[in-house]
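Undergrad: Handing you a structure now.
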Amino acid sequence: MCPSVGDLFGASGEERSFLCELYVSVQRHTLRLISFILSRSLDYVVDSMQRDAEEVLRRAEQKGDAEVSLNTLLKPIHKLNPYQKRSREGYLNDIRPVAVELHRGGRLVNPNSYRSEDIDVSRSSMDDKNSHTYIKTDRTASGQTTTKCGVTYTGNVKTQFYNEDYEKARAEAERLGLEAPKRPEIISVVNIDNLPLPLELKLTDMVLGVFRKHACKRRPETLTHFIMYEIYNLPIGAGLHFRSLVCSEEECSEGGAVHVMGMFKRPFLHVVESSTQLYLSEKRGMTISGQVH
């Protein structure tokens, strides 16, 4: 119980001195306890991140991968803390208008608006050297379908990959005496390298605005800064990448990356992909089970 002013007024000088020392001692021990708890919490987060990284490398080595692939780095949404989920939702809300602008400009194909037999696949092909956001639909022998959204830097390279992958699956089915799978249907929904210049400039400005909002305000200088940013925001890698794109060389040492070939285009492609998937599923009723990685 905290003594009242009246109690202190009637106390002797020795008693008041004792109470002051006691109060300071309690505060000191409380601050030490808080510091200890925060330190242990930080240690727990660091240990957890280290375990996750080691598990990623272990899985990659088991698969014989020379490098860690995007698949091995995916973090399930249920493992995100409330602050990370809030940052993720905020980022997704900010990129949703990108697909709206694409559709308004007549540059986003909505496969759900047509019967599959009415779509001229040749006009929606990505068998070229352009970058595309695409829809890939797999059909099982029983007729069940799975649709996913993906993005590729070079269309014909990805098309060749899927063709080779299909031929391997077909040959394996024949070897086992099973019915061959259906060839996947791939439709380019956004030909990103064929956008009109005014629309491309508008989207570039929109995406840079999103990156500016979600970029690191300053570069982390200590492990504590690194961990604290990771706990409350988007992944630190994304925050630093965004910072390098929206800052000039004069503003920060890592700035000016927007002038390096590919540094802006790669995250721009992923923004278009994610925004397109959200638009087609939320606004146009497509059932999209996930993204193609």
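The values are calculated or read from the model by the stated rules, or taken from the named source; none is laboratory data. These numbers come from a predicted model, not from an experiment. Cβ coordinates were reconstructed from backbone atoms using ideal geometry, including for glycine residues, and neighbour counts include every protein chain displayed. Side chains included, ligands, DNA and RNA excluded: accessible areas come from the protein's heavy atoms. Shrake-Rupley method; radii C 1.70, N 1.55, O 1.52, S 1.80 Å.
Undergrad: Would you please name the residue that is nearest to I288 (Cα to Cα), looking only at residues in the stretch 148-158 that are open to solvent by less than 30 Å² (accessible area, probe 1.4 Å) and of a type outside the set (S, T, Y)?
TA: If we take residues in the stretch 148-158 being open to solvent by less than 30 Å² (accessible area, probe 1.4 Å) and of a type outside the set (S, T, Y), then C149 is nearest to I288 (Cα to Cα).
Undergrad: Would you mind telling me which numbered condition in (1) of a type outside the set (K, R); (2) free of Cβ contacts under 8 Å to residues at least 12 places away in the same chain; (3) in contact with a Lys or Arg (Cβ under 7 Å, 6 or more places away or on another chain) V246 fails?
TA: Of the numbered conditions (1) of a type outside the set (K, R); (2) free of Cβ contacts under 8 Å to residues at least 12 places away in the same chain; (3) in contact with a Lys or Arg (Cβ under 7 Å, 6 or more places away or on another chain), the odd one out for V246 is (2).
Undergrad: Oh, and also: Using the structure shown, decide if F161 is in a helix (DSSP H, G or I), among the aromatic types (F, W, Y) and open to solvent by 50 Å² or more (accessible area, probe 1.4 Å).
TA: Against the criterion (in a helix (DSSP H, G or I), among the aromatic types (F, W, Y) and open to solvent by 50 Å² or more (accessible area, probe 1.4 Å)), F161 qualifies.
Undergrad: Could you check, for the stretch 130-147, whether at least one of its residues is open to solvent by 50 Å² or more (accessible area, probe 1.4 Å), touching a Ser or Thr at 6+ places or on another chain (Cβ under 6 Å) and more than 13 Å from P184 (Cβ to Cβ)?
TA: Checked the stretch 130-147: no residue is open to solvent by 50 Å² or more (accessible area, probe 1.4 Å), touching a Ser or Thr at 6+ places or on another chain (Cβ under 6 Å) and more than 13 Å from P184 (Cβ to Cβ).
Undergrad: Which one of K182, K217 is farther than 30 Å from F161 by Cα and charged (D, E, K, R)?
TA: Criteria check complete, one pass: K217.
Undergrad: Can you confirm whether R284 is part of a loop (DSSP other than H, G, I, E, B) and exposed (fewer than 13 other Cβ atoms within 10 Å of the Cβ)?
TA: No; evaluated as a whole, the condition is false for this residue.
Undergrad: Among helices (runs of 4 or more DSSP H) lying entirely in the stretch 191-264, which contain 1 or more residues that are under 30 Å from H103 (Cβ atoms) and open to solvent by less than 70 Å² (accessible area, probe 1.4 Å)? Write out each step before concluding.
TA: On the way: elements: 197-214, 223-232, 236-246.
The qualifying helices (runs of 4 or more DSSP H) are 197-214, 236-246.
Undergrad: If a residue has to be at pLDDT below 75 and assigned to a strand (DSSP E or B) to count, how many in the stretch 104-138 make the cut?
TA: Going through the stretch 104-138 one residue at a time, the tally reaches 0.
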